[in-house]
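To start, the structure under review is shown below, and the notes come after it.
The values are calculated or read from the model by the stated rules, or taken from the named source; none is laboratory data. A quick note: this is a predicted structure, and the numbers were derived from the prediction, not measured. Cβ atoms come from the backbone with ideal geometry, glycine included; neighbour counts cover every protein chain shown.
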Amino acid sequence: MPVKKEKEPLIMHPRPSSIVAALYTLRDLDTDVVILHGPPGCSFKHARLLEEDGMRVVTTSLDETGFVFGGHDALVEVLEKVIERFNPRRIGIVGTCASMIIGEELHEAVTQVQPDVPVIEVDVHAGYRDNTKGVVMALESALASGIISEAEFERQKALLKEATLVEKRHGAASKEYLEPNRGDLKYKVAGRLLELIKQGKKGLNILNAKKETAFMFADINLAVAQVAQKLGYGSNIVNMVNLDDNVGLPKNRRNAREIKDDLKEKGFEIHHIIGGLDEYPVAGNTADRIIGEKYSDYDFAVISGVPHALPMNNINNMELFSVTNGPRQVVPLKEMGHTHVVVEIDLHPKTLGVSHIVESEFGATLREMVKDA
Amino acid sequence: MPKQIAIYGKGGIGKSSTASNVAAACADEGYRVTIIGCDPKSDSSITLLQGRRIPTIMDLMREGIDIKEEDIVFNGYKGVKCLEIGGPEPGIGCAGRGIIVAISLLKKISRAIEDTDLVIYDVPGDIVCGGFVAPVKKGLVNEAYVLTSGEYMPLYAANNICKGLSRLEMTLNGVICNSRGALNEEKIVSEFAKEVGSQLLAFIPKDVLVQTCERDGYSVIEKAPDSQIAAVYRKLAKSIMGKRDGKIPVPLDDARLRELTRI
C-alpha cells in the first residue's frame, strides 16, 4: 500500500530560496561566474550580494517570448559571452522556476558551446520546502563533474540534513508564520552581561556561526573576551568556536583560517574548537558534550551565530545571552529558554567580500561600556 | 539496454491502441515490456489491465505519497509493466511539468524502465511544449515513431512532430499508418514517410474489432488473437523489435504536404 508522507506544516511565510542556496554553494566551490537561466528579476538581491563576494552572477533575462519559445538560444549567447568576457576557470548554470517549468535543458547549451572549463549545471527551482535542497543539487552536480569527492558530498549531505532539522525544531521553519522581532535592547543586555562578569561569574563564550556570518559573529565573542580581560576576569571565560579549518568546501576553510588569525592576533585564546564553519548544525552537540564534561556549573553563556543549534541539556541552568541575525529567530529562542536575545540586523550582507572580522553592534556596545573602566 | 521508444501523433489518431497492441504482441513473443502512458487522460494501459484504471504518478504525488516503484507499476497482460503519469484536470495546472517531474522520479526509483526489453512511451498529441519531449530530452528514448492517417490534419501534425524531432536531433525510426479510410491512404503516408527520410512500417486498416475489444477493456491481441487485425499488430511489433537504424527526419514545407494529400 502506498504510504502517505507525514503532513508538513503549512508554509505561509516566504522561505529561503533553493535557487539562492545553490548560488551560495557554487560560491563556496570557488565558481567564478554563475548564469541564472531565467527572468532578470529572479534572485536579484542575492545575485548582487554575491558579486560583492567576488563571484559574477549574470542572467539570461528570459521574458514572455522566452517563456513561450524557450530560452536555449539566450543561454547559449550568455554562456559564450561569459567565457569571452570573464575568462572563468569554473562556470555554474542555475535554473529558475520559469526555466524549469517550461522544461529547459541546461545541458543542451553546454553541449553546443563546449566550454573548455568545468560547468556545474543545477536544475533547481524555488519550489522546494527546504532550501537545503538547492545545496544538495549543486553538490550533486559538482560531484558529477569531479569537483568534490564522494566523501565530501556525503559529509555535506549529512550536515544539510541536520541543518534542516535544526530549522524545523527551533528555527525559521518551526512555525507557519513568525513575527519579526528586533530582540532585546543591546545596551541593556550588555549591561547585564557586564554585571555578571564583574561579579566574577563564570561564563561560556561560544561561536557557532554559519559560514561567512562568522566574520561578524566572532566579533561578539572577541568583545566578550576583551571586556572580561579588561575588567580583570578574563580567566573566568571559556571560548569555544566552530573554526576548524581542516573541513569543508574551499571557501569555508579559508574563512575559518582568516578569522582564527584575526582572533589570535587580538589575543583571543581558543579553548575548544567545536567544528568547522559548515558544521554549525552539529557543532552544538560537540559543545554540549564538552560543557557536560567540564563546565556544567558555569553561570552564563554567550552564544553567537546559530544559538538554537545548541542543545539545552547542559545550559539549562545558565543565564543565556544569544546573538542571532534573524529577526524571526527571536521568538523561538525565547521559547527555548534563552533569557536575552540580541539581533544583529543585516549582518549577512556585511560579511560578504571580507577577509577580516567585521565589527558588530553588540561587540561595539560592550567595548564602549567598559571604555573608562 | 532496452529498446526505448516513443510514439507520437495527432490526438485521437490511435496512439494508445497501437501502443497497447504492440506491447501485448511483444509480450506474446516473450519480451519483457514496459508501457508508460504520458497522457493526462491516463488511458494508455487500460486495455492491458482488463479495463482497470491504475493510480497515476501524479495522483499519488498530489496526495503527498512517498512514491515507491510498487505504488506505480502494475502488471498487465502477460506481465507487461504498466505505468501512467497522469496529470491535472483539463484547463488547470501544467501537464508538461507533470511529465518532467514524473520522468525524473522514474529515473530515480524505477527498475521497470531498465530491467526490460522494450519501453514504450505513449506521448499525447503533438509535441506541444517542453514537458512533452522530456522522455527524449532526459535520454530515456532512443527511437521515435510517428502515427498518422492519410488525411491532411494528422499528416500536418506528423510533419510538426518531425520538426520537433529534428530540432532535438532525435531519429525517426518509422511511420505507422492508422487508416481512417482516406483515398489512396497507404500511398500518401508511404510517400510522406519517404520524403521525411523514413519508411512506412505498417498500414493498420480500420477495423471495428479494435473498438469492440477496447470497450470491453482488452487489446485485440488478447481478446481476438486470431483476427486479421491482430496479425497486423504482430507484424508491426516484430518490425519494431527488429534492429533498424533511424534518421533525423527532414520536415516538409506546407505546400508539399498539401500536394501530397491530393495524390
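Listing for the model above:
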{"quantity": "Enumerated strands (runs of 3 or more DSSP E) restricted to the range A:259-368, each holding at least 1 residues that are hydroxyl-bearing (Ser, Thr, Tyr) and within 18 Å of the chain's Cα centre (by Cα)", "calculated": "A:300-305, A:319-324"}
{"quantity": "Test: residue in the range A:175-197 that is part of a loop (DSSP other than H, G, I, E, B) and among the hydrophobic types (A, V, I, L, M, F, W, C)", "calculated": "yes"}
{"quantity": "Enumerated helices (runs of 4 or more DSSP H) restricted to the range B:163-243, each holding at least 3 residues that are under 21 Å from residue B:3 (Cβ atoms)", "calculated": "B:228-241"}
{"quantity": "Residue satisfying condition, being of a type in the set (S, T, N, Q), assigned to a helix (DSSP H, G or I) and modelled with pLDDT under 95, within set A:213, A:164", "calculated": "A:164"}
{"quantity": "Count of residues meeting criterion [surrounded by 24 or more Cβ atoms within 10 Å (Cβ to Cβ), in contact with a strand residue (DSSP E or B) (Cβ under 8 Å, 6 or more places away or on another chain) and under 23 Å from residue B:95 (Cβ atoms)] in the range B:22-66", "calculated": "10"}
{"quantity": "Hits in the range B:81-103 - residues which are away from chain A (no Cβ under 11 Å) and not β-branched (Val, Ile, Thr)", "calculated": "B:81, B:82, B:83, B:84, B:86, B:87, B:88, B:89, B:90, B:91, B:95, B:102"}
{"quantity": "Leading residue by the ranking (farthest from the other protein chains (Cβ to nearest Cβ)) among those in the range B:48-80 that are outside any loop (DSSP other than H, G, I, E, B) and among the basic types (Lys, Arg)", "calculated": "B:78"}
{"quantity": "Wholly enclosed helices (runs of 4 or more DSSP H) of the range A:1-95 bearing at least 3 residues in contact with a helix residue (DSSP H, G or I) (Cβ under 7 Å, 6 or more places away or on another chain), more than 29 Å from residue A:164 (Cα to Cα) and away from chain B (no Cβ under 14 Å)", "calculated": "A:72-86"}
{"quantity": "Residue ID - farthest from the other protein chains (Cβ to nearest Cβ), chosen from residues in the range B:127-144 that are closer than 19 Å to residue B:198 by Cβ and touching a Phe, Trp or Tyr at 6+ places or on another chain (Cβ under 7 Å)", "calculated": "B:144"}
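For (1) in contact with a strand residue (DSSP E or B) (Cβ under 6 Å, 6 or more places away or on another chain); (2) among the small types (Gly, Ala, Ser); (3) at pLDDT 95 or above, each residue gets a yes or a no:
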site	(1), (2), (3)
A:74	no, yes, yes
A:85	no, no, yes
A:97	no, no, yes
A:119	yes, no, yes
A:131	no, no, no
A:135	no, no, yes
A:142	yes, yes, yes
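Here's the yes/no breakdown for (1) β-branched (Val, Ile, Thr); (2) surrounded by fewer than 18 Cβ atoms within 10 Å (Cβ to Cβ):
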position: B:165; (1), (2): no, no
position: B:174; (1), (2): no, no
position: B:184; (1), (2): no, yes
position: B:189; (1), (2): yes, no
position: B:215; (1), (2): no, yes
position: B:224; (1), (2): no, yes
